[in-house]
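Step one of this worksheet: look at the structure below.
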Amino acid sequence: MANQNNTRPALAPISINLSRWSADVITHFINFSLIGVAWGCFNPIPVPGSKEALAIAQSGKFVPLRPFSSLASVGYCGATIGSVAFVSRFVSGGVAVARNKHDWFSEFIGFGAVAAYWSTILSSEERVRWNNRLVVGSFVGAILYANLAP
């Protein structure tokens, strides 16, 4: 008789949780990459190493970029913001799937992963360039996956 009062819902199968987790990661990656692209279109600060940054360094006077004037800034911002969102959702979602519980602890672990990612990968320009190349390849793969997955 004591078992009849248990109204706790059954846990979802692990395949459903993994599917939701991967969809969440890919969706956030695409959305935040597009937000980064929009930001890059209007970003007044040039990408380090670009011809605009070199011109500012030679003149010694900061001149903000006009909107839509730097294609390098568009890709740079899109890849950087998209990769940060990817790491955050991948880690926090992975912890949530492993614990079968999504709460503040999972988000806190995701924030710690972003902090570690930022301090190691996004700390030097060479690493950022390689990161952005990987992100662009992942972005193309995510678009293909989103359009071809059943």
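A few comments on the model shown:
- Average accessible area per residue (Å²) across the chain - probe 1.4 Å, nucleic acids and ligands excluded: 67
- Normalised radius of gyration (Cα atoms, divided by 2.2 N^0.38 Å) for the stretch 67-150: 1.25.
- Note on the chain: Cα-Cα pairs beyond 19 Å make up 63% of the total pair count.
- Accessible carbon and sulfur surface of the chain relative to its total accessible area, %, 1.4 Å: 69
- Across the chain, C-alpha contacts under 8 Å between residues 6 or more apart give a mean separation that, scaled by the residue count, equals a relative contact order of 26 percent.
The values are calculated or read from the model by the stated rules, or taken from the named source; none is laboratory data. Every value quoted in this text rests on a predicted model; they were computed, and no experiment measured them. Just the protein is used for accessible areas: all its heavy atoms, side chains included, with ligands, DNA and RNA removed. Shrake-Rupley method; radii C 1.70, N 1.55, O 1.52, S 1.80 Å.
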